[in-house]
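Step one of this worksheet: look at the structure below.
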């Protein structure tokens, strides 16, 4: 009779501690041993010992020694990058835990996909404190890129994102409808147009925050159907910076009206409807299916948006 042998399971328990992670991150950021040691407030010899200990525990060489500079191997660069994320997450978890000693039971991390417009936030925070005092809302700027994916990865807990495409394994709550608007400086030739078509923007200097075609962005909804394309002159990842550039006459753009409402009201930029009938985009709040606290916050936000006409402060 043949005996079946069980395959050995890999030991996935970490062998490095926080001190090793801090060393890897510091060396990755500063390169030289002395500079990294100064940041960590230890002697270079103590840091060198810490590195040797990490290499011994891992059983691999992390750095090539070149005088006072450490040349990282591919493994060291990977570990340094991972260490940075882990230490940031640990620090955030510790801070959140300290907040939970009082009345706060849960910190819910929120981010808006692509945009960083939060003029509505102070009033909404007051609403959260009055209605859900056991929940603290925390804005996570690092979750603004591909926000729904960040929810799945548990980097954030609630994503405010455009589009009506369902996100796999996430539940969503409708928040509000908003239109895309064409923005130009007040003295631009197209600034006086009530409506701007794809043919109007043909060859016009245009600034965008992403050149990746998205179903709910201007490329798929305006340029591709009309077969007219602008002259892309810049890709600027921050919409707030795009508004500043447009206001200075360095180009035009298409953005969500709610996010640039203040700039339009103050006359910094002129807004026109995009396309003959306009392009309206629904915005939703996405949370993980098993996160009832984030879902409660999403529902409260939906009520807020209904009462205030979207993500706007009281009285706007």
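The values are calculated or read from the model by the stated rules, or taken from the named source; none is laboratory data. Small disclaimer: the values here were computed from a predicted structure and weren't measured. Using ideal geometry, Cβ is built from the backbone for each residue, glycine included, and neighbour counts are taken over all protein chains shown.
Below, the figures for the structure above:
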read-out	value
Considering residues of the stretch 282-311 that are more than 13 Å from residue 160 (Cβ to Cβ) and under 20 Å from the mean Cα position of the chain (by Cα) only, the residue surrounded by the fewest Cβ atoms within 10 Å (Cβ to Cβ)	288
Contacts under 8 angstrom Cβ, first residue in the stretch 21-35 being outside the structural domain of residue 72 (by TED's automatic domain parsing), partner surrounded by fewer than 22 Cβ atoms within 10 Å (Cβ to Cβ) and not in a helix (DSSP H, G or I), 6 or more apart	none
Residues (crowded, with 18+ Cβ neighbours inside 10 Å and either more than 15 Å from the chain's Cα centre (by Cα) or without any contact (Cβ under 8 Å) to a residue 12 or more places away in the chain (or both)) located in the stretch 230-244	230, 242, 243
Filter result (assigned to a strand (DSSP E or B) and under 24 Å from the mean Cα position of the chain (by Cα)) within the stretch 250-281	252, 253, 254, 255, 256, 280, 281
Matching residues, the stretch 246-277, being surrounded by fewer than 19 Cβ atoms within 10 Å (Cβ to Cβ), out of contact with any helix residue (DSSP H, G or I) (no Cβ under 8 Å at 6 or more places or on another chain) and either at pLDDT below 90 or over 14 Å from residue 218 (Cβ atoms) (or both)	248, 249, 250, 262, 264, 265, 266, 267, 276, 277
Hits in the stretch 145-172 - residues which are in contact (Cβ under 8 Å) with a residue 60 or more places away in the chain and more than 17 Å from the chain's Cα centre (by Cα)	164, 169, 170, 171, 172
Number of positions in the stretch 141-154 that are part of a loop (DSSP other than H, G, I, E, B), at pLDDT 85 or above and surrounded by 19 or more Cβ atoms within 10 Å (Cβ to Cβ)	0
Criterion violated by residue 178 - all others in (1) within 29 Å of residue 270 (Cα to Cα); (2) part of a loop (DSSP other than H, G, I, E, B) satisfied	(2)
Among the candidates 70, 86, residue that is farther than 30 Å from residue 109 by Cα and either part of a helix (DSSP H, G or I) or over 23 Å from the mean Cα position of the chain (by Cα) (or both)	70
From 201, 160, residue being under 22 Å from residue 236 (Cβ atoms) and modelled with pLDDT under 90	201
Scan of the stretch 108-121 for residues that are surrounded by fewer than 19 Cβ atoms within 10 Å (Cβ to Cβ) and at pLDDT below 90, ordered by number	116, 118, 119
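Yes or no, residue by residue, for (1) exposed (fewer than 12 other Cβ atoms within 10 Å of the Cβ); (2) under 18 Å from the mean Cα position of the chain (by Cα); (3) farther than 30 Å from residue 163 by Cβ; (4) modelled with pLDDT under 85:
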| residue | (1), (2), (3), (4) |
| --- | --- |
| 62 | no, no, yes, no |
| 75 | no, no, yes, no |
| 98 | yes, no, yes, yes |
| 103 | yes, no, yes, yes |
| 123 | no, no, no, no |
| 131 | no, no, no, no |
